[in-house]
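Visitor: Got a structure for you, questions after.
The values are calculated or read from the model by the stated rules, or taken from the named source; none is laboratory data. Since the structure is predicted, the reported quantities are computational estimates derived from the model, not experimental observations. Glycine also receives a Cβ, built like all others from the backbone with ideal geometry; neighbour counts cover every protein chain displayed. Surface areas here come from the heavy atoms of the whole protein model, side chains and all, with no ligands, DNA or RNA. Shrake-Rupley method; radii C 1.70, N 1.55, O 1.52, S 1.80 Å.
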Amino acid sequence: VPPYATKLKEAMQLQESFIANVTHDLKAPLASICSALEILGKKLGPGLGEEDAAFIDISLRNSRQLKQMIDEILDFSKLRSGRMQVIPVPDDAAAIVAEAVSALRPLAQSRAVSLEAAAGPSGLPRVLADRARVVQVLANLVSNAVKFTPEGGRVSVSAADGALERPGTAVFSVSDTGCGI
């Protein structure tokens, strides 16, 4: 192995370790900020003016987005280092779609985009999946679809039987009326 390859590998491991440590250290203060904003919203909500309530709501939403980004960086770091754990269990594909859609509904509403969980065929088989990971993937796809769909557009998330192309599987789909990727 050439010496520069060893040095490069060491530098990449150091970088990954640094990113993992920094993102992990950001989680605690961010969780505190989210909690404080939630408490403020509940405590002061009825007494706040419309504009002030909107500012708290926006701050809370942005804090949650930042938390999600930090979690994704940590997940990426785990994935690259081979420490990502995927624990598939039997689950309901329609429930996974519903969870992903409900998580992104506020974003879609704020951008005036219709977001729907398309009704899949009845009798869709249960899937073997790590729900958190599948929801995470769908949420990333839905988030991008919402961001690049113009106001008044539509984003649809569905699950269908893999049928002939992929027997014994379910296929998750995200479609939109935006410009596409």
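Visitor: Sum -39500 (n - 2.57) across every DSSP H segment of at least 4 residues in the chain, then divide by the residue count to get the 222 nm mean residue ellipticity, nearest 500.
Guide: So the helix-based figure for the chain works out to -21500 deg cm²/dmol.
Visitor: At a probe radius of 1.4 Å, what is the per-residue accessible area of residue 38, in Å² to the nearest 10?
Guide: Accessible area, nearest 10 Å²: 70 Å².
Visitor: Need one number: nm distance between label points at residue 173 and residue 69, each 7 Å from Cα along Cα→Cβ, rounded to one decimal.
Guide: Once both label points are built, they end up 3.2 nm from each other.
Visitor: Could you bin all the Cα-Cα distances of the stretch 103-178 into 10 Å bins starting at 0 and give me the percent of pairs in each, rounded to whole numbers?
Guide: Going out from 0 Å in 10 Å bins, the stretch 103-178 shows 19, 45, 28, 7 percent.
Visitor: Just read off the accessible area of residue 67 with the full protein assembly in place, 1.4 Å probe, to the nearest 10 Å².
Guide: Surface accessible to solvent at residue 67 totals approximately 80 Å².
Visitor: Give me the 1.4 Å probe accessible area per residue for the stretch 1-119, excluding ligands and nucleic acids, in Å².
Guide: Each residue of the stretch 1-119 exposes 69 Å² on average to a 1.4 Å probe.
Visitor: Now for a different question. When the solvent-accessible surface of protein heavy atoms is calculated with a 1.4 angstrom probe, in what order do 84, 69 fall, highest first?
Guide: Output order, biggest surface exposure first: 69, 84.
Visitor: Give the relative contact order (percent, whole number) for the chain; include only Cα pairs under 8 Å separated by 6+ residues.
Guide: 18
Visitor: Residue separation times 0.36 nm, minus the C-alpha to C-alpha distance between residue 87 and residue 105: what's the value?
Guide: The span from residue 87 to residue 105 would gain 3.8 nm if fully extended.
Visitor: Quick one: Cα centre-to-centre distance for the stretch 1-45 and the stretch 105-181, in angstrom?
Guide: First find each Cα centre; the distance between them is then 28 Å.
Visitor: Then there is this: Could you name the lysines in cross-link range of residue 7, using Cα to Cα under 28 Å and dropping any fewer than eight places away on the same chain?
Guide: Partners found: 78.
Visitor: Another question, if that's okay. Estimate the FRET efficiency between residue 144 and residue 58 by the formula 1/(1 + (r/R0)^6), using the beta-carbon distance for r and 25 Å for R0, to the nearest 0.05.
Guide: After rounding, the FRET efficiency stands at 0.75.
Visitor: Another question about this same structure. For 127, 22, 137, give me the order by solvent-accessible area with a 1.4 Å probe, most accessible first, ignoring ligands, DNA and RNA.
Guide: Greatest to least solvent exposure: 137, 22, 127.
Visitor: Using a 1.4 angstrom probe with every protein chain in place, what is the largest-first accessible-area order of 58, 87?
Guide: The most accessible residue leads, giving 87, 58.
Visitor: Moving on to the next point. Each label point is 7 Å from the Cα along the Cα-to-Cβ direction; what then is the distance between the points at residue 137 and residue 154, in nm?
Guide: 2.6
Visitor: Okay, next question. Treat each spin label as a single point 7 Å out from the Cα along the C-beta direction, and report the residue 30 to residue 18 distance in nm.
Guide: Between residue 30 and residue 18, the label points sit 1.9 nm apart.
Visitor: Considering only protein heavy atoms and a probe of 1.4 Å, how much of the accessible area of the chain is carbon and sulfur, as a whole percent?
Guide: 60
Visitor: Which three numbers, in whole Å and largest first, are the semi-axes of the equivalent ellipsoid of the chain derived from its Cα gyration tensor as √(5λ)?
Guide: Each semi-axis is the square root of five times an eigenvalue, giving 31, 29, 16 Å.
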